[in-house]
């Protein structure tokens, strides 16, 4: 578009200077200087308004990351220049580099992982076509366009399409907004550190591993070859922020092949349509295609890369910061919880090397727990002590499921709201049966059976009360049109009585807190006293919750 024409339509303060950026094949991007600010004007020559709306929403969601900060003009972030969608964003300080250090490659990987993590909860309910999403109909249409043209290198088309079909990353892999064009022209560095990532117009929802592979591809290009060390540096940075799941790691090689083939396929089509210039097409068919051809075999790729998920590169201290300090109560663990977390990180590091899922770890935890309490019916002094140790080990595994979820990023949302509480319900419902039978065998008093039964009922009734109360409040909020509050760590109460309740509930009567009293009473061979203590404690907690909820409901009824 003519610069003088752009000046006439410029909606902000008067322009001092304006110039077009040389980078960019399809869109037009201009650097605009005014007396007070510097801006970037971007014109989307081949985009519809709905496509640009997705980019605008995504950039707002990514606030806080080094991405373009959009400028609102007359109440909207989306403008028109002669019918062409356009946006203005504040100029990002930094320069494009031709050569990158290993640390800078890692910075790029870290950004990409942080972008994926932050974007995982991005919601977009409108249609958004992905540049590298290929339906059978789209493939046929693109092939027809290419073969109907007179462009060169059509003999490569069939093999590229075959790779696109065979190597497309599975939709079941972790997905969210992906950039698909993080390359040297789209990253800025200021004083040696990453200061900006631009050009989100091709972004859409897709598998994260594809975005990682595409970025590794761009920064691994070295003429018509691939520099594995540069690719490894990008990967290292990525997994320091977000660990690949096992299935993602296994898909990385095919994602790399797909990244090459899909890019070449799309731009064969774009060149046939006259969208990209000959100079860029020549680069693709020479250096880019040469690098694609030099991609090693799967076995060689993984051997050369020597890449492992980030648990292999993170120290125990780094792992604790990544998966324990970010736990719901990471900074306020109970005394017994702190001992659990001390050991759990070592188990987590081992389990992370396996394909086991957090929910499967929960099942293992429950089975070990039930095995542990079963030891209490075995005659002799040692069996209950062994049983208490097994219960302790089960709680270590119970901590590992959340740590694995945070480490691998495979949080389905089901674990903490269903699997975890149900597993505890099962434990509370069944644990007092063998404990009561064992205590009866040692004391000969049938009363202890009833005490154990009372402890189980009181604990489960308390959990049911809390669940019913939460459901009631959720329904009332929905009726009032209110949003559910964000889940957060419960604040420490200021009332002295509530503080006492809070301390005993978390440190002694919780699933984590009961393990040391259980071990103590097993060592002194008086599990019957453990049952009396917990029957009384659980009953008091039940009464406390019941009275508080009745008073709350009474106030609502007035």
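Just so you know, all these numbers are worked out from the coordinates, no wet-lab data involved. It should be emphasised that the depicted structure is a prediction, and the values quoted were computed from it without experimental measurement. Don't worry about glycine lacking a Cβ; one is built from the backbone with ideal geometry, like all the others, and counts go over all protein chains shown.
A few points about this structure:
- Label point distance in nm, residue 315-residue 273, each placed 7 Å from Cα along Cα→Cβ: 5.2
- Per residue, the Cα convex hull of the stretch 3-90 amounts to 108 Å³.
- Entry note, the stretch 316-557: relative contact order of 24 percent, from Cα contacts under 8 Å with a spacing of 6+ residues.
- The chain: angle of helix 136-147 to the longest principal axis, Cα-based, in degrees nearest 10: 20
- Restricted to Cα atoms, the stretch 102-312 shows a radius of gyration and a Dmax of 16.8, 51 angstrom.
- Neighbour-count ranking [beta-carbon atoms within 10 angstrom, fewest first] of 99, 105, 69: 99, 69, 105
- Entry note, the chain: the mean residue ellipticity at 222 nm calculated from DSSP H runs of n ≥ 4, each adding -39500 (n - 2.57), is -18500 deg cm²/dmol after division by the residues and rounding to the nearest 500.
- Cβ-to-Cβ counts within 10 Å put 203, 175, 544, 293 in ascending order as 293, 544, 175, 203, the fewest first.
- Computed from Cα atoms, the angle from the helix 382-408 axis to the main principal axis of the chain rounds to 20 degrees.
- FRET efficiency, 1/(1 + (r/R0)^6) with R0 45 Å, evaluated for residue 544 and residue 90 via beta carbons: 0.25
- Take every Cα pair under 8 Å whose residues are at least 6 apart in sequence, average their separation, divide by the length of the stretch 3-90, and the relative contact order is 25 percent.
- Pairwise label distance in nanometres, residue 466 with residue 74, each label 7 Å out on the Cα-Cβ vector: 5.6
- Rough spin-label spacing in nm, given labels placed 7 Å along Cα→Cβ, for residue 98 and residue 287: 1.1
- Distance between the stretch 36-60 and the stretch 500-536 - C-alpha centres, whole angstrom: 60
- Note that the stretch 85-181 carries a Kirkwood radius of 17.7 Å, evaluated over its alpha carbons pair by pair.
- Given their separation in residues at 0.36 nm each and the Cα-Cα distance between them, residue 9 and residue 499 gain 170.0 nm when the chain is fully extended.
- Relative contact order of the chain, taken over Cα pairs closer than 8 Å and 6 or more residues apart, is 11 percent.
- Ordered by the count of other Cβ atoms within 10 Å of each Cβ, fewest first, 218, 124, 10 give 124, 10, 218.
- Three-way shape label, the stretch 316-557, alpha-carbon gyration tensor, a/c 1.5: oblate
- Seen from a random direction on average, the alpha-carbon convex hull of the chain projects onto 33.0 square nanometres.
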